[in-house]
Structures are given as structure tokens and as C-alpha cells.
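Contents: one structure, followed by commentary.
The values are calculated or read from the model by the stated rules, or taken from the named source; none is laboratory data. Given the structure is predicted, the values throughout are model-derived calculations rather than measurements. All Cβ positions, even for glycine, are placed from backbone atoms using ideal geometry, and neighbour counts span all protein chains on display. SASA here: full protein model, heavy atoms, side chains in, ligands and nucleic acids out. Shrake-Rupley method; radii C 1.70, N 1.55, O 1.52, S 1.80 Å.
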Amino acid sequence: IRRAATRPNMIDLLRALGVADETAAVYAPILAEALPLWEIDEPREVAAFMGTCAHESKRFSALTENLNYSAQGLANTWKRFSTTGERGGPPTQQAISIQRQPPIIANIVYGNRLGNTDPNDGWTYRGRGLIQVTGKDNYQALADAWGVDCVTQPAYLESPEGAVVSACWFWKSNGCNELAQAGDWLALRKRVNGGTVGIDEVNALIQRALEALGAQ
């Protein structure tokens, strides 16, 4: 049984997370409406969601995946672009040849997976939203749950409403509320990131959000 929905002051919460006032004014009413609809309404859930989104979107300022990688950046991120077969090794010749070319990079790293079948699907369905939804299958699942055709209109996830709702969908469909309720920040980071990249900042932001909500 869930408690009555928490109604935090979203402007104050966004400011506590370092979101610029102008941006906070845009997002506050959307978040206030969307979070309860997706049952993200208890203090730990709200704090974890907001802290995660603030990190993933660079304080609600970046809504599209940045794929403008250098050759070494590619090698640091994907094993396939490292000559050692481990992240962080010297870049392969392929990495050198495609560096700083986001569409080509997207179509290589996301092609023929995540439901991407057409040659340009990797780029078309690159990560978007406050928690980056990636791949045609995920865009379709979001469209089915939301009732908005973001498969034919993928850029809608770059709008404030699309960015928020796509993040809420990801959060709920991946069981993030349960991890937040348990305070299992490590498992939550792995659920969102696939690893632990950025965990220290995310945890600090979650703590800041909890304090702003008057919760622990």
C-alpha cells in the first residue's frame, strides 16, 4: 500500500540540484504532474529519480546523447574500439577513422541491436530524454505505454514533456522505484547506467534532494 503522494516544491528541488532558474521554471510544472502519474511520489523515489535525472541530463540541459567522441573517447567507452580489447586501451584504426562523426558512431555502436534494423536506425533512435531512452524497441515500448508515437517522431523526446515522460517510463518499467525505496543506490546506478559510472555524483545529488525534501 502506497502512502499519499508527496507534493514537493519542484522549483526548490530543482534549484537544490543545481538546475538553472529558467530551466527549473519550465520543468517544475511538468514534473509535478508527471511523477505522481507514474507513481514516483514517495520521498526516496522522488529524490532518487530527480538526482539521477540531474546527473544524466547535466542539470536538465542535455536531452540528446552526445556521440561526438574522440578516438580515445571511443576506446574508453567501448571495448571494440580499443586495441587491447579492454576499455581505456589505445584506439583502433576504426576509432581513429570515425572519431567526431556522431551519426556514423551511432550507427556502428547501436546498429543491428535494440530493435535497430535500418542502416540509420542507430542515429535515429540514439539516446534521448532525461534518462536516455535508446533503440527502436525501447522507443516503441515507450510509445505503447504512453500513447504518443515517438517512433515516427523520435525528436519529441527532446521536448521538456517528452524528456520527463520518457524518463518516468524508463524508471517505472525498470523497477527503479523498488531500488529507491530500499535505498540501494549501487543497484539503482547499475540499473540506469549498466555500470557505476557517475555514482559518486549521483549519490551526492540524491542526498541533496533528500535534504530538500526533508527526508533521509
(message) Quick test for you: out of ALA32, ALA28, ALA24, pick the one residue that is out of contact with any strand residue (DSSP E or B) (no Cβ under 9 Å at 6 or more places or on another chain), closer than 19 Å to CYS176 by Cα, without any contact (Cβ under 8 Å) to a residue 40 or more places away in the chain and not charged (D, E, K, R).
(response) ALA32
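Report yes if ILE131 is touching a helix residue (DSSP H, G or I) at 6+ places or on another chain (Cβ under 7 Å) and part of a helix (DSSP H, G or I), otherwise no. Full working, then the answer.
Details: touching a helix residue (DSSP H, G or I) at 6+ places or on another chain (Cβ under 7 Å): yes; part of a helix (DSSP H, G or I): no.
In short, no.
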(request) Any residue in the stretch 95-121 that's more than 18 Å from THR77 (Cα to Cα) and part of a helix (DSSP H, G or I): show its pairings with residues that are open to solvent by less than 70 Å² (accessible area, probe 1.4 Å) and at pLDDT 95 or above at Cβ separation under 8 Å, as long as the two are six or more apart or on different chains. (result) ASP121/ASN107; ASP121/TYR110; ASP121/GLY111; ASP121/GLY115; ASP121/LYS136
(message) What are the pairs with Cβ atoms under 7 angstrom where one residue, in the stretch 35-47, is without any contact (Cβ under 8 Å) to a residue 60 or more places away in the chain and the other, located anywhere, is in a loop (DSSP other than H, G, I, E, B) and open to solvent by 10 Å² or more (accessible area, probe 1.4 Å)? Sequence gap at least six, or different chains.
(response) PRO36/ALA5; ASP41/ALA5; ASP41/THR6
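Yes/no per residue for (1) closer than 30 Å to ILE11 by Cα; (2) open to solvent by less than 40 Å² (accessible area, probe 1.4 Å):
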| residue | (1), (2) |
| --- | --- |
| ARG59 | yes, no |
| TYR69 | no, no |
| LYS79 | no, no |
| SER82 | no, yes |
| GLY85 | no, yes |
| THR92 | no, yes |
| ASN112 | no, no |
(request) Name, by its number, the condition in (1) within 18 Å of LEU63 (Cα to Cα); (2) touching a helix residue (DSSP H, G or I) at 6+ places or on another chain (Cβ under 9 Å); (3) open to solvent by less than 60 Å² (accessible area, probe 1.4 Å) that does not hold for SER159. (result) (2)
